[in-house]
1. I'd like to check something: does the range 7-15 contain any residue that is more than 30 Å from residue 172 (Cβ to Cβ), in contact (Cβ under 8 Å) with a residue 40 or more places away in the chain, in contact with a helix residue (DSSP H, G or I) (Cβ under 8 Å, 6 or more places away or on another chain) and in a loop (DSSP other than H, G, I, E, B)?
2. Residue 186 passes all but one of (1) closer than 23 Å to residue 67 by Cβ; (2) surrounded by 11 or more Cβ atoms within 10 Å (Cβ to Cβ); which number fails?
3. What number goes with the only condition from (1) in contact with a helix residue (DSSP H, G or I) (Cβ under 9 Å, 6 or more places away or on another chain); (2) surrounded by 17 or more Cβ atoms within 10 Å (Cβ to Cβ); (3) assigned by TED's automatic domain parsing to the domain that holds residue 164 that residue 76 does not pass?
4. Across the range 88-119, what is the number of residues that are more than 14 Å from the chain's Cα centre (by Cα) and within 17 Å of residue 161 (Cβ to Cβ)?
Ligand SMILES: C[S@@+](CC[C@H](N)C(=O)[O-])C[C@H]1O[C@@H](n2cnc3c(N)ncnc32)[C@H](O)[C@@H]1O
């Protein structure tokens with residue numbers, strides 16, 4: 001568990017143990033100073049650092065990583081498109097390292113997340129512990145076996161979303177949004193075609209609201225430079241938003 005962060009403009013240090021002095025490239029910080037929750041601390045070399053408590057955003061930097069995680073830029077848009085709020089009951093799958101599940105839990109009332117592989121389920125459990133998440137239930141099973149029902153929203157990040165959707169659709173509320181995260185556009189087309197077929201064969205009806213991509217370009221803004229960074233995080237995945245309408 002990371003208790004404190006020592007930070008300046010260029011560096012961030014995560015402090016686990018506040019019972020002994022903490023060493024940084026700017027010198028060491030006395031354990032008495034590590035007990036503070038905020039304020040300035042001075043290192044033995046005279047440098048100043050700020051002390052703060054870690055937030056969700058910081059902990060993602062320290063979380064364990066198994067399979068590819070959903071990026072922050074996409075998590076934010078997915079959560080907004082799903083319309084999640086403090087009353088929402090949300091299904092997430094596959095859990096992977098649990099990044100999306102943990103992010104959703106910070107907004108929703110309750111999240112259930114399914115992961116079929118034991119080794120990733122264990123990584124997610126460790127991350128749940130690191131973030132001290134109370135409203136997240138992790139299930140080590142294929143999401144086609146989902147037991148819970150009456151979901152307000154669903155976030156899927158797995159390679160065969162339609163197989164999962166066949167089990168999930170009857171378990172989401174009419175009006176609920178479903179997000180599907182897929183890296184390749186032919187996977188999106190396949191999904192949309194299968195949804196069309198599903199609608200013809202079932203009473204429940206799903207519409208495709210939109211398929212989007214989130215491009216984020218970071219800029220350098222200082223005294224001398226006002227320009228985008230040379231390197232940009234390009235394509236991550238396509239986000240397809242579906243909605244149950246009947
Ligand atoms: C790309 S990772 C998910 C990453 C996760 N969303 C995150 O942000 O950390 C995909 C995960 O889905 C799991 N998975 C694939 N098919 C599944 C299924 N039918 N049910 C449950 N988990 C599944 C895989 O084992 C893998 O861990």
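The values are calculated or read from the model by the stated rules, or taken from the named source; none is laboratory data. No experiment lies behind these values; they were computed from the predicted model shown. Methodologically, a virtual Cβ is constructed for each residue, glycine included, from the backbone with ideal geometry; neighbour enumeration extends over all protein chains shown.
1. No, the conditions are met nowhere in the range 7-15.
2. For residue 186, the exception is condition (2).
3. (2)
4. Residues flagged as more than 14 Å from the chain's Cα centre (by Cα) and within 17 Å of residue 161 (Cβ to Cβ) within the range 88-119 amount to 4.
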